[in-house]
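This report concerns only the one structure given below.
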Amino acid sequence: MLKKFTLKTNTRDQMIEITQQVEAFIREDNLREGSAIVYCPHTTAGITINENADPDVKRDMIRRFDEVYPWHHELDRHMEGNTAAHMKASTVGASQYVIIANGQLLLGTWQGIYFCEFDGPRTRTFYVKIL
């Protein structure tokens, strides 16, 4: 089972929780056991699993990414001027693997799955593959 999702981002850097979309896809087929791969096919966006209880975590992560990978750097040569977005996406990664047990994603109490935008706003896609 494979499903393509589309979302719109609103700012250059944004973390959008997509846990509910992934869970809904699992429920569509009444899947009880298996695994889900959540994949982002973009070079300036990624997928991560992190805390979903305190919104300050997202804000702090974006701020710290900007500190580590500043948007403007005098030595960057990439013609599009978005080297920082490529660095952030490489750090986060393009995919996450989640176990499905008893029809539920096996996530920790405070964990959620996030689509991470680093070069928005844009219309983006991500895929979920059920194994």
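For the pair Leu75 and Gln20, what calculated FRET efficiency results from E = 1/(1 + (r/R0)^6), where r is the Cβ-Cβ distance and R0 = 41 Å, to the nearest 0.05?
Working: r = 41 Å, r/R0 = 1.00.
After rounding, the FRET efficiency stands at 0.50.
At an R0 of 35 angstrom, the distance between the Cβ atoms of Met1 and Val68 translates into a FRET efficiency of 0.45. Over the chain, the hull volume per residue, using the convex hull of the C-alpha atoms, is 97 Å³. Computed extension gain for Glu33 through Asn50, at 0.36 nm per residue and net of the alpha carbon distance, reaches 3.9 nm. Shown here for region 1-110: GluC sites (Glu not before Pro) in loop regions (DSSP other than H, G, I, E, B) with at most 16 other Cβ atoms within 10 Å, namely Glu33, Glu74, Glu80. Projecting the Cα atoms of Gly108, Met1, Thr44 onto the charge dipole of the chain, computed from C-beta unit charges around the Cα centre, puts Met1 farthest toward the positive end.
Largest GNM mean-square fluctuation across Leu105, Leu31, Leu75, computed for the chain with C-alpha springs under 10 Å, falls on Leu75.
Since every read-out is calculated from the coordinates, none of them should be taken as a lab result. Just so it is clear, the model here is predicted, and its values are computed rather than measured. Virtual Cβ from ideal backbone geometry, glycine too; neighbours counted across all protein chains shown.
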